[in-house]
1. From Leu116, Leu99, Leu144, Leu137, which residue is among the hydrophobic types (A, V, I, L, M, F, W, C), open to solvent by 10 Å² or more (accessible area, probe 1.4 Å) and within 11 Å of the chain's Cα centre (by Cα)?
2. When you look at Glu67, is it surrounded by 10 or more Cβ atoms within 10 Å (Cβ to Cβ) and more than 23 Å from Ser85 (Cβ to Cβ), yes or no?
3. What are the pairs, 6+ residues apart or on separate chains, where a residue within segment 27-43 that is under 22 Å from Val123 (Cβ atoms) has its Cβ under 8 Å from a residue that is among the β-branched types (Val, Ile, Thr)?
4. Give me the residue from segment 149-171 that is in a loop (DSSP other than H, G, I, E, B), among the hydrophobic types (A, V, I, L, M, F, W, C) and more than 23 Å from Gly84 (Cβ to Cβ) and, out of that set, least open to solvent (accessible area, probe 1.4 Å).
5. With the structure loaded, tell me whether Leu35 is open to solvent by 40 Å² or more (accessible area, probe 1.4 Å) and part of a strand (DSSP E or B) or whether it fails that test.
6. Considering only segment 33-68, how many residues are small (Gly, Ala, Ser) and either more than 23 Å from the chain's Cα centre (by Cα) or farther than 21 Å from Gly23 by Cβ (or both)?
7. Filter segment 1-19 down to residues that are closer than 16 Å to Ala168 by Cβ and touching a Gly at 6+ places or on another chain (Cβ under 9 Å) and give me whichever is surrounded by the most Cβ atoms within 10 Å (Cβ to Cβ).
8. Go through (1) modelled with pLDDT of 95 or more; (2) crowded, with 18+ Cβ neighbours inside 10 Å one by one and return the number of the condition Glu79 breaks.
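The values are calculated or read from the model by the stated rules, or taken from the named source; none is laboratory data. As the structure is a computational prediction, the values presented were derived from the model and not from experiment. In this analysis, Cβ positions are derived from the backbone assuming ideal geometry, glycine residues included, and neighbour counts consider all displayed protein chains. Heavy atoms of the whole protein, side chains included, go into the accessibility calculation; ligands, DNA and RNA do not. Shrake-Rupley method; radii C 1.70, N 1.55, O 1.52, S 1.80 Å.
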Amino acid sequence: MNGPAPLPLSPRPLEAAAFAPYGQVIEPGAARRVLEINGGTARRFHDLARIEPGPEGRVLVSIFQAEPRQLPLLVTLMEHHPLGSQAFMPLSGRPYLVLVAAPGEELRAASLQLFLAAPGQGVNFNPGTWHHPLLALEGPSDFLVIDREGPGNNCEERALDQPCAIAAGRA
């Protein structure tokens with residue numbers, strides 16, 4: 001491989017405060033309010049993420065099935081959705097990785113942040129947040145995805161200024 005050696009990336013645990021520049025962590029502990037509903041037989045963890053479909057957009061709910069990634073993994077590109085937010089909620093009970101960079105025109109490998117999401121932790125990317133496509137780890141994994149459908153180009157991919165390498169192992 002020509003050029004500089006890949007920049008090493010190591011994950012840290014996915015925590016709401018550290019992830020705040022990129023979006024929201026979706027988990028019961030992040031609820032602004034907890035409501036008892038259905039005659040006290042259930043709890044509603046209320047208002048966990050700001051779903052933003054953007055102008056003329058509508059909210060779209062899908063399930064993505066992601067194949068596990070083999071580590072170490074060479075990362076060369078990222079994507080973002082400039083017109084609306086995008087949320088991922090794992091359904092398979094497995095950890096996964098979340099690789100992000102702040103919104104903006106400049107996308108630099110040195111600004112990437114890597115998080116290890118525990119089973120049951122979802123993420124909602126703010127509009128424009130750069131992120132890597134799904135990084136399932138331990139086996140095929142299903143994700144409930146909430147994003148935008150509507151006019152305009154809401155998915156842009158961009159090559160990194162230098163490759164990065166996600167090493168094998170955990171945070």
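1. Working: Leu99 fails: open to solvent by 10 Å² or more (accessible area, probe 1.4 Å); Leu144 fails: within 11 Å of the chain's Cα centre (by Cα); Leu137 fails: within 11 Å of the chain's Cα centre (by Cα).
Going through Leu116, Leu99, Leu144, Leu137 in turn, just one is among the hydrophobic types (A, V, I, L, M, F, W, C), open to solvent by 10 Å² or more (accessible area, probe 1.4 Å) and within 11 Å of the chain's Cα centre (by Cα): Leu116.
2. yes
3. The qualifying pairs are Pro28/Val34; Arg43/Val34; Arg43/Ile37.
4. Of the residues in segment 149-171, the ones in a loop (DSSP other than H, G, I, E, B) are 150-155, 167-171.
If we keep only those that are among the hydrophobic types (A, V, I, L, M, F, W, C) too, we end up with 155, 167-168, 171.
Checking which are more than 23 Å from Gly84 (Cβ to Cβ) leaves us with 167-168, 171.
Details: Ala167: 53, Ala168: 71, Ala171: 69 Å².
Restricting to residues being in a loop (DSSP other than H, G, I, E, B), among the hydrophobic types (A, V, I, L, M, F, W, C) and more than 23 Å from Gly84 (Cβ to Cβ), the top hit is Ala167.
5. The answer is yes for Leu35.
6. Pass one, segment 33-68, residues small (Gly, Ala, Ser): 39-40, 42, 49, 54, 57, 62, 66.
Next, only the ones that are either more than 23 Å from the chain's Cα centre (by Cα) or farther than 21 Å from Gly23 by Cβ (or both) stay: 39-40, 42.
Matching residues across segment 33-68 total 3.
7. Among residues in segment 1-19 that are closer than 16 Å to Ala168 by Cβ and touching a Gly at 6+ places or on another chain (Cβ under 9 Å), the one surrounded by the most Cβ atoms within 10 Å (Cβ to Cβ) is Pro11.
8. (2)
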